[in-house]
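The structure appears right after this line, and notes come after that.
The values are calculated or read from the model by the stated rules, or taken from the named source; none is laboratory data. These numbers were taken from a predicted model, which means no experiment stands behind them. Note that we place each Cβ from the backbone using ideal geometry, even for glycine, and neighbour counts take in every protein chain shown.
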Amino acid sequence: MNGEAVIRSLPSGVPGLDSVLGGGLPEYSFNLIAGGPGSGKTTLAHQIMFANATVERPALYFTVLGEPTLKMLRYQRQFSYFDPELAGSAIQFINLSAEVMERDLGEVLQRIVSEIERAKPGIIVVDSFRTIAAGQHDRQETAKGFNLDQFVQRLALNLTTWEVTSFLLGEYAAEEQRNPVFTVADGILWLTQATDRNSVVRKLQVVKTRGRAPMPGLHTFRITDAGLQIFPRIPEQTRNRAPQKRGRLSTGVPGMDEMIGGGVIAGDAVMLTGPAGSGKSTVATQFMVAGLAAGETGVIAVFEEYPEEYIARANARNPEIGKMIKEGKLTVIYLRPLDLSVDEALFAILEGVERLGARRVVIDSLSGFEVALAPTFRDDFRESLYRLVGTLTATGVTVFMTAEVSEAFSEARFTTEKVSFITDEIIVQRYIEMKGELRRVMAVIKMRGSDHTHEFRTYEVTPRGVVVGGPLIEYDGIITGVPTLRANPIKAKRKK
Amino acid sequence: MNSADTGKEGLSRDTPAREIARRLIRSRRPDPAGADTAARAAASACEHLYRELSRWVGPDGCHALFTRALAQAQAEHPALEQIQLRARSEPYIDGVAATIMAHGDAATAEAFESVLVHLIELLGRLIGDDMAMKLIDRSLFASERGRAGPSGTREEA
């Protein structure tokens, strides 16, 4: 009889949600799942039920007037979490429409309580609670003396004393939060779906949870054949990260390591920018292959082409790529939907990193990534990218990103102005004209905490990859794109 | 059980739906048997299933199911012409006695069995055979429990 009351946590059965909730659903809590039509309330409730219901402690699903039960069952059973074996025994559906339409709140409460006494459930769901309230709208006080406030109070009391974890589902708008159920509820999960141009983005917010520290903010989610999948803003792996050793990693590009002081610093975020066709993806692939050759594992996230095309092209230059994929040392993640959220991309990449124990991540390219995002996320692309890169590097992986910059031939743009601040190292590629030929040059313009060369160096894109050449010390005006040969280059060099 | 074939030919076979329907009817047979035992038991099984399924899908949802099943069965069994379904009423099925009187015990029993078969098949098409079986099993269990218990009551259609 001593000690504190322990509030156990129930698994929600929804990937990512337990993390957002601060450890799971508090047992015996009285919760509201609110949101507009089609926001996923019923699906979320079903996932929670199927994750927790047992024959000994079943779940009771009370339906009222909203979606007809038969239709709900017909559609819900399409989800992979729906186990028909549990229906009827561990999960029981009970219809309250007669009590709500023909009787009063007292009768509704009595029916719920009598069903709870009969079945001794661990979980109950009332779908939709809003229709109970609406059905009683014109009856402020019933024959049994209940108004809506009192009904909610008594329902909460009964459910808690019966040691039931409960979920009321309702279509509420944000401005309705003065409703008594919001005050009484121990937890409120708010689901929204916002349309922006042609894309729809779903978000979940834990508005309230008693006795827990939920993850703040809006968390994007998707509904797939498996049900809801939440993408927390701060993934679990980041919070549990261990300090990593910092060494140098070879880029795999002959001549490039020397330019950056001996290789990429492990755990850094590197950005390689350049115009179309300058060889960014080739360098990124070489960086990955160098890691694989050193016994590391890696993840490549592609946004601009299908993985099969990407792999075929990379494999043509580096046959190791296909072999490493087959051996499970490399994974190529395809992230090309136009309603992508940063958190979803982060989740997919982190999942790959976790699964393979990856040390290197290539994101090819940021330009494609930005296009793949739902329009609503493009507005805060800088903030999102900052979070993505910060989260990835916090796990200890080295992130190599490519970004396309459009350049007028005579004007050098070193980076996309939006994102250079998030990186530790920036290497730029560009075209120049020399002796009537188009040539490629690269330079290091940023290297945190390390020395690096300051000269432009030529490079070639060969069938085996990018090879860096020498500096153009005999030329001036390289940055203009049209360098000129010095009158006395040797003298000039000596003076230097 | 889940078949779009709801024609007479399909129903004449002992399909799983028909077997379940017969089990339901057997569970409602009065003891001792009377002259109209079979028809009364079949109608009682429909009444019982209506009440049990109403707990799950609501009286209106259940009424919609029975209305469709009755319409399908009526096409095959003219004996059901006088049968009326009264949602949220007790009894749910009206016109049983008149039907027995007009068509006899065997034809009426067969007709109500057909209603049950159509209903079970319809439910199977809507929510899957396995789920439909679960629901019917629960109904059957409740029926058998009610029959065995000291306070078990039986409806008169």
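Listed values, structure above:
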| read-out | value |
| --- | --- |
| Residues that are surrounded by fewer than 20 Cβ atoms within 10 Å (Cβ to Cβ) and within 15 Å of A:Ile300 (Cα to Cα), drawn from the range A:369-405 | none |
| Test: residue in the range A:239-259 that is at pLDDT 90 or above, surrounded by fewer than 16 Cβ atoms within 10 Å (Cβ to Cβ) and in contact with a strand residue (DSSP E or B) (Cβ under 9 Å, 6 or more places away or on another chain) | yes |
| Criterion: more than 9 Å from chain B (Cβ to nearest Cβ) and in a helix (DSSP H, G or I) - qualifying residue of A:Glu56, A:Glu99 | A:Glu99 |
| Pick from the range B:50-73, criterion touching a residue at least 24 places away in the same chain (Cβ under 8 Å) and more than 14 Å from chain A (Cβ to nearest Cβ), ranking: surrounded by the fewest Cβ atoms within 10 Å (Cβ to Cβ) | B:Gln72 |
| Single residue of A:Leu25, A:Leu17 found to be more than 14 Å from chain B (Cβ to nearest Cβ), touching a Ser or Thr at 6+ places or on another chain (Cβ under 7 Å) and of a type outside the set (Ser, Thr, Tyr) | A:Leu25 |
| Meets criteria (in a helix (DSSP H, G or I) and of a type outside the set (Gly, Ala, Ser)) for A:Leu292 | yes |
| Test for A:Val181: is it more than 14 Å from A:Leu44 (Cα to Cα), buried (at least 16 other Cβ atoms within 10 Å of the Cβ) and in contact (Cβ under 8 Å) with a residue 12 or more places away in the chain | yes |
| Every residue from the range A:303-313 that is out of contact with any Lys or Arg (no Cβ under 8 Å at 6 or more places or on another chain), within 21 Å of A:Phe347 (Cβ to Cβ) and modelled with pLDDT of 85 or more | A:Tyr310 |
| Looking only at the range B:82-128, and only at residues there that are assigned to a loop (DSSP other than H, G, I, E, B) and more than 14 Å from every other protein chain (Cβ to nearest Cβ), the one that is surrounded by the fewest Cβ atoms within 10 Å (Cβ to Cβ) | B:Arg86 |
| Whichever residue in the range A:71-96 is within 19 Å of B:Arg51 (Cα to Cα) and either among the small types (Gly, Ala, Ser) or in contact (Cβ under 8 Å) with a residue 60 or more places away in the chain (or both) and, among such residues, is nearest to the other protein chains (Cβ to nearest Cβ) | A:Gly88 |
| Flag for A:Arg197 being surrounded by fewer than 16 Cβ atoms within 10 Å (Cβ to Cβ) and not aliphatic (A, V, I, L, M) | yes |
| Residue match in the range A:92-109 (condition: charged (D, E, K, R) and within 19 Å of A:Met49 (Cβ to Cβ)) | no |
| Flag if A:Ser9 is within 26 Å of A:Gly217 (Cβ to Cβ) and touching a Pro at 6+ places or on another chain (Cβ under 9 Å) | yes |
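For (1) surrounded by fewer than 17 Cβ atoms within 10 Å (Cβ to Cβ); (2) under 20 Å from A:Ser29 (Cβ atoms); (3) in contact with a Ser or Thr (Cβ under 8 Å, 6 or more places away or on another chain), each residue gets a yes or a no:
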| position | (1), (2), (3) |
| --- | --- |
| A:Pro58 | no, yes, yes |
| A:Gln76 | no, no, yes |
| A:Ser89 | yes, no, no |
| A:Leu96 | no, no, yes |
| A:Met101 | yes, no, no |
| A:Ser114 | yes, no, no |
| A:Val125 | no, yes, yes |
| A:Phe129 | no, yes, no |
